[in-house]
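Q: Starting off with a structure, shown below.
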Amino acid sequence: MMRFRALATATATVALATLIAPHAHAQMVRAEGRLVDAWGNALEGVQVEARQADGGGSTFSAVTDEDGEYLILGLETTAYEFTYTLAGYQGVRQLREMRTQRGAPGRLGRRQEPIELAVLPLGQVLNDEFEYEDEGGVFSLTLTPDGMFEFEDADGEGEGTYYVQDLDAVLTVRDYDGPDDKYTIREPLTLTAQTNQFLTLAWGETTLNKK
């Protein structure tokens, strides 16, 4: 009986070793990347998921940091489907073949180009082009029906995307040739109209009148 038990144990051990051996020697790699909008701004908070293209293995996930970058460790050298999602943006799927770089185990063969996510409107937009200006002519703003806007202030000019929610026009400045720290996509500007005709917009102490 003891001999049979030992043989059974040995057989089970061999069988187990046979099952796990391929995985034990599988080389692990890492995936890294960067998510941006159409203007090249880093997108923070993008949900990243990686699944093997053949449906096997585990699902890996990460979230981009303030620089729009992410890092996933422990991937196998095979094809993965990556998905990138963020509220207010069009999600993207990407098929990537994970390989190691010669002489640098555990790294990808080349750094990926930034992945661009297209902006989606979070609300309505105006059905016509509206031009605004303050009394001194220092600040001017143009809202267009495609959800885009252009503006000029005392320090420079820029552009971005907007949407309308109730009486608020919410503007995200995405490109600006003035001071770098004056606007950020993480802090949209909210301009409030007095009526739903949007003849005036108030932003802090600034009032813009429709031309």
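Q: Give me the three principal axis extents of the range 26-116 from the C-alpha atoms, as integers in angstrom, largest value leading.
A: Per principal axis, max minus min of the Cα coordinates gives 38, 28, 17 Å.
Q: Another one. For the range 130-210, report the convex hull volume of the alpha-carbon atoms normalised per residue, in Å³, without decimals. Please report the intermediate quantities before stating the final value.
A: Working: hull volume 7.0 nm³, N = 81.
Spread over its residues, the Cα hull of the range 130-210 gives 86 Å³ apiece.
Q: In the range 117-186, which trypsin sites (Lys or Arg not before Pro) are in a loop and have at most 16 other Cβ atoms within 10 Å, using DSSP for the loop call?
A: Details: sites: Arg174, Lys182, Arg186; in loops: Lys182, Arg186.
Answer by residue number: Lys182, Arg186.
Q: Using only alpha carbon pairs under 8 Å that are at least six residues apart, calculate the relative contact order of the range 26-116 and give it in whole percent.
A: Here the relative contact order equals 35 percent.
Q: Now a separate question. For the range 26-182, compute Rh as the Kirkwood radius over C-alpha pairs and then the Stokes-Einstein diffusion coefficient at 37 °C and 0.692 mPa s; write the answer in µm²/s, rounded to an integer.
A: Numbers: Rh = 18.0 Å.
D = 182 µm²/s.
Bear in mind that the values in this text are calculations on the coordinates, not laboratory data. None of these values were measured; they are calculated from a predicted model. Because the Cβ atoms are built from the backbone with ideal geometry, glycine has one as well, and the counts that use them run over all protein chains shown.
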